[in-house]
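Right, one structure below, let's go through it.
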Amino acid sequence: MRILVVEDDRKVARFLQAGLEQEGHAVDVLNEGSGAGEQACAIDYDVVVLDLMLPGRSGFQVLRDIRGRKAEIAVLILTAKDSVDDRVTGLDGGADDYMVKPFTLAELSARLRALLRRGRPHEVTLRLADLELDTIRRAVRRAGKTIELKPKEYALLEFLMQHTDRPLTRSLIIEHVWDIHFDSISNVVEVHINSLRNKIDRGFGIPLIHTVRGVGYMLTAAPP
């Protein structure tokens, strides 16, 4: 999942970024409202976590910016403003969920997964041949065998499975699985692809992860 966090409290922002990245998500952070709507619409985020009390532009203004340009992106408001009027204004303004501080990371993460399922109900369980990925339990099985993946391996496999039979460039993978500040020269994609191949393909009949020369990688049951 690719997430934009718009939060002016830098301590809270760092906590959110560290916790969500530990779960394998790609997280970008902005500490003010100015430009937040533009970035949310310019980059293919799955969800925006939005504070309301922001410098530059308020969270309500950012929400209007987003809804005016990109209606399909999920927005979760995370704020200390806990009055009923604020909740109603946020939800009526286009927020998909509203969460009040203080909060637990476990609940926030669960709500983000629920928002993503709501937008893609058919993708709760992803399958290709005998490979199965449960996006709710974050569990992976192949030919009935449970496969243990590290958070970034899981995020990479989920992205590949959301685009089966489609060649994905290295830059596109970095954009969705890592974040905008990631060093594009690094060989981290190749390292994680190799690790996935060892866990997903080795010991099974049909290889599913393929290199598309001059393009990138593709997850398919038929060799490209």
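Of the residues making up segment 91-111, those that are over 15 Å from GLY37 (Cβ atoms), surrounded by 12 or more Cβ atoms within 10 Å (Cβ to Cβ) and more than 19 Å from the chain's Cα centre (by Cα) are LEU91, VAL100, LYS101, PHE103. For segment 133-169, a residue qualifies if it is of a type in the set (Ser, Thr, Tyr), buried (at least 18 other Cβ atoms within 10 Å of the Cβ) and at pLDDT 90 or above, and exactly one does: TYR154.
Checking each residue in segment 1-58 for being touching a His at 6+ places or on another chain (Cβ under 9 Å) and part of a loop (DSSP other than H, G, I, E, B) picks out MET1, ASP44, ASP46.
Of all residues in segment 200-221, none are within 22 Å of ILE73 (Cα to Cα) and at pLDDT below 90. Restricting the first member to segment 17-28 and to residues that are farther than 15 Å from VAL6 by Cβ, and the second to residues that are part of a loop (DSSP other than H, G, I, E, B), the beta-carbon pairs closer than 8 Å and six or more apart or on different chains are GLY24/LYS150; HIS25/MET1; ALA26/MET1; ALA26/TRP178; ALA26/ASP179. Within segment 133-157, the set of residues being of a type in the set (Asp, Glu) and farther than 14 Å from ILE193 by Cβ comprises ASP134, GLU148. A count restricted to segment 203-222 and to residues that are free of Cβ contacts under 8 Å to residues at least 24 places away in the same chain and buried (at least 16 other Cβ atoms within 10 Å of the Cβ) stands at 1. Checked against (1) under 28 Å from ALA114 (Cα atoms); (2) loosely packed, with under 12 Cβ neighbours inside 10 Å, ILE200 passes all but a single condition, namely (2).
Residues are listed down the side, and each one gets a yes or a no for (1) on the phi > 0 side of the Ramachandran plot; (2) out of contact with any Leu (no Cβ under 9 Å at 6 or more places or on another chain); (3) in contact (Cβ under 8 Å) with a residue 60 or more places away in the chain:
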residue: ASP85; (1), (2), (3): no, yes, no
residue: ASP92; (1), (2), (3): no, yes, no
residue: ALA95; (1), (2), (3): no, no, no
residue: SER109; (1), (2), (3): no, no, yes
residue: ARG118; (1), (2), (3): no, yes, no
residue: LEU131; (1), (2), (3): no, no, yes
residue: ASP134; (1), (2), (3): no, no, no
residue: ALA139; (1), (2), (3): no, no, no
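Number of residues in segment 1-11 that are over 22 Å from ILE66 (Cα atoms) and crowded, with 17+ Cβ neighbours inside 10 Å: the value is 0. Being under 21 Å from PRO151 (Cβ atoms) and at pLDDT 95 or above holds for only one residue in VAL49, VAL27, and it is VAL49. For beta carbons closer than 7 Å, sequence separation of 6+ or different chains, a first residue in segment 44-68 that is charged (D, E, K, R) and a second that is assigned to a loop (DSSP other than H, G, I, E, B), the qualifying pairs are ASP46/MET1; ASP51/GLU7; ASP51/ASP8; ARG57/GLY33; ARG57/SER34; ARG64/GLY93; ARG67/GLY94.
Taking the listed residues GLY59, GLY68, the one that is surrounded by fewer than 16 Cβ atoms within 10 Å (Cβ to Cβ), small (Gly, Ala, Ser) and in the same structural domain as VAL12 (by TED's automatic domain parsing) is GLY68, with no other qualifying. Checking LEU172, LEU196 one by one, the residue that is at pLDDT 90 or above, of a type outside the set (Ser, Thr, Tyr) and not in a strand (DSSP E or B) is LEU196 and no other. For LYS101, the conditions (1) free of Cβ contacts under 8 Å to residues at least 40 places away in the same chain; (2) out of contact with any helix residue (DSSP H, G or I) (no Cβ under 6 Å at 6 or more places or on another chain) are fulfilled apart from (1).
The values are calculated or read from the model by the stated rules, or taken from the named source; none is laboratory data. Bear in mind the structure is a predicted one, so any value in this text is a computation, not a measurement. Every residue, glycine among them, receives a Cβ derived from its backbone with ideal geometry; neighbour counts consider all protein chains shown.
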